[in-house]
Amino acid sequence: FPNAKINLGLSITEKRPDGFHNLESCFYPVQWCDALEILPSEKTSFSSSGIEIPGEANSNLCMKVYEVLKKEYDLPPIQMHLLKNVPIGAGMGGGSADAAFAIKSLNELFKLNLSVAQMEDYLRPLGSDCAFFVNNKPVFAYGKGDQFSEIALSLKGYFITIVYPKVHISTKEAYSGVIPKKPGLSVKDIIQTDLKEWKNVLQNDFEISLFPKYPILKEIKETLYSKGATYASMTGSGSAVYGIFDKGQGLKNAFPENFRVWEGIM
C-alpha cells in the first residue's frame, strides 16, 4: 500500500549547473495510500484502476523499476496492477511511492536481497523523492530532494487534513516561478522547535508564486487555520494543502464537493 508524504517546509536554495534546483525540506509520511499488486505471470503486463494515470503503461514508474531490475537480474514475467488513489500532481509523491514500493515488492517476491542503499540508488534516476519511500520515515531532505539525513521528529498523535482542489500543477510550472535563495533559518532547525512555533517561520517557497496564480490554494490554507490548525501549508510543488490539528475536526464538509479531502492520524 504505497503511501503519500507531505513536506514540512520547503526552501529552494539554489539553481544547479545541471538545471535542477537544490532544496531543503522535511519529508513526512502520511497514510493516504494507493494499492499495488505484483504477481508472477506468463506475460508481463501493467494495468491500473481508480484515478486515471496519463501516459502509456510502459512509461509508468512501476514498470520502469521492473525493466531496470530485469536487465540486471533477468526477472521472469509479472502481472502488475495499481489502484491509484493518491491524487496526481498534488505534491505528495504518489508516483514516487508507487515506484519505491514496486522495487521493495520485486525484491521480496524474487528474493533479490537488495539492500536499502541499493534500492535507493536504483530509484534516484527515476525521480528525486522516489528513494525516500524505501525507508519511509521522516527525514531532512536536501540536494535535489534525493539526499537524506535522519531527524528526531515525531508528530504521532496529531491529526491531519489534506485537501486536494483538483488543480494539477506540474513540477515545471511550479519551478518556473521560483527565485532561489538561502533561507534565514534552516528547515532542519525550525522543525526541531515546537510545532506551535512553525506557523510564522516554516515556509514553502512555492506558495509565493502559486498562491497568486491559484487563489483557491491560499483560501484552503486560511480555512484550515480558521478551523483550528496548529500548522498549515501547501505540500511539495502543490496543489494539495494540509493542516495539522491537535484533534480530529471532520472537515470534509468544509470544502466544495468536488475537492478530495483525506483525514487521518499521523
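The values are calculated or read from the model by the stated rules, or taken from the named source; none is laboratory data. Computed from a predicted model, the values in this text were never measured in an experiment. Positions of Cβ are generated from backbone atoms using ideal geometry, with glycine treated the same way; all protein chains shown enter the neighbour counts. Protein only, heavy atoms only, side chains kept; ligands, DNA and RNA dropped before computing areas. Shrake-Rupley method; radii C 1.70, N 1.55, O 1.52, S 1.80 Å.
Scanning region 1-23 for residues that are assigned to a strand (DSSP E or B) and open to solvent by 30 Å² or more (accessible area, probe 1.4 Å) yields GLU14, LYS15. Quickly run through region 168-179 and pick out the residues that are open to solvent by less than 50 Å² (accessible area, probe 1.4 Å) and under 16 Å from GLU14 (Cα atoms). Listed by number, the residues that qualify are ALA174, GLY177, VAL178. Among residues of region 1-12 that are on the phi > 0 side of the Ramachandran plot, those with a beta-carbon under 6 Å from a residue that is β-branched (Val, Ile, Thr) at least six positions away or on a different chain give the pairs GLY9/VAL187. Within region 189-209, can you find the residues that are more than 15 Å from THR230 (Cα to Cα) and under 18 Å from the mean Cα position of the chain (by Cα)? Correct list: ASN204, ASP205, PHE206, GLU207. Name the residues in region 180-208 that are surrounded by fewer than 17 Cβ atoms within 10 Å (Cβ to Cβ) and outside any loop (DSSP other than H, G, I, E, B), would you? ASP189, LEU195, LYS196, GLU197, ILE208, listed by residue number. Picking from residues in region 130-186 that are among the β-branched types (Val, Ile, Thr) and modelled with pLDDT under 95, the one that is nearest to TRP262 (Cα to Cα) is VAL167. Checking each residue in region 53-106 for being part of a loop (DSSP other than H, G, I, E, B), aliphatic (A, V, I, L, M) and either in contact with a Cys (Cβ under 8 Å, 6 or more places away or on another chain) or open to solvent by 20 Å² or more (accessible area, probe 1.4 Å) (or both) picks out ILE53, VAL86, ILE88.
Among the residues of region 223-260, the ones that are open to solvent by 10 Å² or more (accessible area, probe 1.4 Å), modelled with pLDDT under 95 and either among the β-branched types (Val, Ile, Thr) or within 16 Å of the chain's Cα centre (by Cα) (or both) come to 1 in all. Do we find that LYS43 is open to solvent by 60 Å² or more (accessible area, probe 1.4 Å) and either under 18 Å from ASN107 (Cβ atoms) or among the polar types (S, T, N, Q) (or both) in this structure? So LYS43 does not fit the description; no.
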